[in-house]
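Worksheet for the structure shown next.
The values are calculated or read from the model by the stated rules, or taken from the named source; none is laboratory data. Please read these numbers as outputs of a predicted model, since none were measured by experiment. Cβ: placed from backbone, ideal geometry, glycine included. Neighbour counts: every protein chain shown. Keep in mind that these areas ignore ligands, DNA and RNA; they rest on the heavy atoms of the full protein, side chains included. Shrake-Rupley method; radii C 1.70, N 1.55, O 1.52, S 1.80 Å.
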Amino acid sequence: MSSTPVPYRVVARWAETPDTATLRLEPVGEPLPAFAPGQFAMVWAFGRGEIPLSVSAIPTDGGLAHTVRSVGAVSAGLFAAEVGDVLGLRGPYGTGWELEKAHGQDLLVVAGGIGLAPLRPLVRDAVADPKAYGRLNVLVGARTPSDLMAKVETRLWRTACTGVVVDRPDACWTGRTGVVTQLLGQARFAPRDTTAFVCGPEPMIRATARDLLHRGVAGDRIKVSLERNMRCATGHCGHCQLGPLLLCRDGPVVTWSRAEPLLYVREL
């Protein structure tokens, strides 16, 4: 992998929500090594800086896609990128979801807000190879209806259960209201033969993992993607440290068995 940003051109852009967009990128020259679902790149907005973004699609014809929410100076610059603009990427970094280790298992995918983006490549892989896995369940939560991502695509996925819930409905919302853990009761899975993949805000991750443990899913079969302040992405600066873990190297995807004792240490 390269520690120097490699130029990638924006070849397509589409809005996911009012403050979130997905950028389809193709290399200007030599591409970066292949990414796995769950891994991330450091994405550079020239003149602003770089931030870590998990891959949200790995097209079979090459290139990458990243989904970015505008929350700061760098992410605002990436969100505003237009077709033809050139960004800098380095990577791949971190651990992936390792879907292949769940062969024969029921799959439970739980996403909160923009947490659906890192899970989207995993769901696409599972949908493309249904005979390799048991039942596929996709549960999606968001703050409001306008914060829901991939509204059309989620309806097209062939799953045993696709559930969607929002915390703050508007006048037009006719779906479920509440938090994403409320959807676990309608999912179709055998807890002892299930692998769960969870990404979203940390309180949502903790609540989901607790509920899954209570339902009988083993902690080492619950995989979560954690977020910390990543600067170098090479394990040297220590900004992303979580106890003994450096999440840019040992994460972002870890098992709940490994994450649980760390996330319950105050201010760790």
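Miscellaneous remarks
- Note on Trp14 and Arg249: the model spin-label points, each 7 Å out from Cα along the C-beta direction, lie 3.9 nm apart.
- Computed [θ] at 222 nm, helices only, for the chain once each DSSP H run of length n ≥ 4 contributes -39500 (n - 2.57): -5500 deg cm²/dmol
- In this label model, His103 and Glu82 are separated by 4.8 nm, measuring between points 7 Å along each Cα→Cβ vector.
- Full extension of the chain between Gln182 and Lys151 yields a length gain of 9.2 nm, computed as 0.36 nm times the residue separation minus the alpha carbon distance.
- Total formal charge among the other residues, if their Cβ is under 13 angstrom from that of Ala132, Lys/Arg +1 and Asp/Glu -1: -1
- Once both labels are positioned 7 Å from their Cα atoms along Cα-to-Cβ, the gap between Arg192 and Cys161 label points is 1.9 nm.
- Rolling a 1.4 Å probe across all protein chains gives Phe40 an accessible area of roughly 10 Å².
- Lysines whose Cα lies under 20 Å from that of Lys131, excluding same-chain neighbours fewer than 8 positions away: Lys101
- Region 105-237 - charge dipole about Cα centre, Lys and Arg +1 at Cβ, Asp and Glu -1, debye rounded to 20: 120
- Positive-end residue of Pro145, Pro121, Gly134, charge dipole of region 27-148 with Cβ unit charges: Pro145
- Spatially proximal aspartates and glutamates relative to Lys151 (Cα-Cα < 19 Å; intrachain offsets below 8 disregarded): Glu16, Asp19, Asp125, Asp167, Asp170
- Extension reserve of the Arg266-Ala218 stretch, reckoned as 0.36 nm per residue once the Cα distance is removed: 14.9 nm
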